[in-house]
Structure formats: C-alpha cells, structure tokens
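First the structure, in the form of structure tokens, and then the observations on it.
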Amino acid sequence: MLQDTIKALSDPTRRKILELLKKGPMSAGDLGKEFDMTGATMSHHLSILKKAELVHIEKKGTFVYYEINTTVMEDLLSWVVSFTGGKDE
C-alpha cells in the first residue's frame with residue numbers, strides 16, 4: 001500500500017489532480033478539462049490514484065465523480081513523523 005501511495009504521489013500530474021480535488025468532488029470529464037492529455041491518459045492517472053486509495057469514486061448516473069481520500073495522507077504523514085519521534089527539531 002505504501003509503495004502504491006509513493007508511486008502515485010511521485011507524478012506531478014497526479015499531485016495536481018489531488019490539488020484540484022481538495023476543492024471537492026469532480027467528474028473525470030471536469031478533471032480532464034484541466035489538462036492537455038487524452039482521456040485514456042487521464043484514466044490511467046486516475047486508476048493509479050484509485051489503486052493507491054488516494055481517491056474515492058462515486059457513480060452518479062453515467063458520471064463518475066472522484067473525491068480525495070485524506071485518510072491515506074494522514075497515514076503517510078503519521079508514518080513519516082514516526083521517524084522523528086514526533087518531536088520538533
């Protein structure tokens with residue numbers, strides 16, 4: 001799971017997708033309008049984010065909406081902080 005998260009976050013396009021989703025759920029089509037790429041490429045990025053559990057999906061009719069999953073970010077942050085003992089240096 002951690003490996004999937006790090007892989008997903010390593011790409012600037014996927015980080016921008018997460019930045020956009022901070023504002024709230026968005027459809028794949030709306031996300032695609034923010035980038036100069038094919039629908040297949042956008043789908044690939046969204047698939048990696050979903051595999052890493054960084055996004056939730058919700059189907060509404062014929063649309064799929066993506067929403068950020070902050071739980072995974074919180075887990076990752078807790079893991080990183082564990083190396084410092086949780087202390088400010």
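The values are calculated or read from the model by the stated rules, or taken from the named source; none is laboratory data. This one's a predicted model, so the numbers in the text were calculated from it and none came from an experiment. Every residue, glycine as well, gets a Cβ built from its backbone with ideal geometry; the counts of neighbours run over all protein chains shown. For the accessible areas, the whole protein counts, side chains as well, though only heavy atoms, and no ligand, DNA or RNA atoms are used. Shrake-Rupley method; radii C 1.70, N 1.55, O 1.52, S 1.80 Å.
Remarks
- Across the chain, the relative contact order, built from alpha-carbon pairs under 8 Å that are at least six residues apart, equals 31 percent.
- Of [x] 13; [y] 60; [z] 26, the label for percent of Cα pairs over 23 Å apart derived from the coordinates: [z]
- In Hz, Karplus ³J(HN,Hα) per residue of region 57-74 (6.51, -1.76, 1.60; θ = phi - 60°; x = Gly, Pro): 10, 9, 8, 10, x, 8, 9, 10, 10, 10, 9, 5, 10, 6, 4, 5, 5, 5
- What the phi angles of region 8-24 give under the Karplus curve with 6.51, -1.76 and 1.60, with θ = phi - 60°, is a coupling list of 4, 7, 6, 9, x, 5, 5, 5, 5, 4, 5, 4, 4, 6, 4, 6, x Hz, glycine and proline written as x.
- Whole-percent carbon and sulfur share, accessible surface of the chain, 1.4 Å: 53 percent
- Hits among lysines - C-alpha to C-alpha of residue 51 under 24 Å, sequence gap 8 or more where chains match: 7, 16, 22, 23, 33, 59, 60
- Based on protein heavy atoms only, the chain ends up with 69 Å² per residue of surface accessible to a 1.4 Å probe.
- Proximal charge balance of residue 64 [Cβ under 12 Å; K/R count +1, D/E count -1]: 0
- Local electrostatic count, residue 20, Cβ distance below 15 Å [Lys/Arg +1, Asp/Glu -1]: 0
- Formal net charge of residues neighbouring residue 1 (Cβ-Cβ distance under 14 Å; K, R +1; D, E -1): -1
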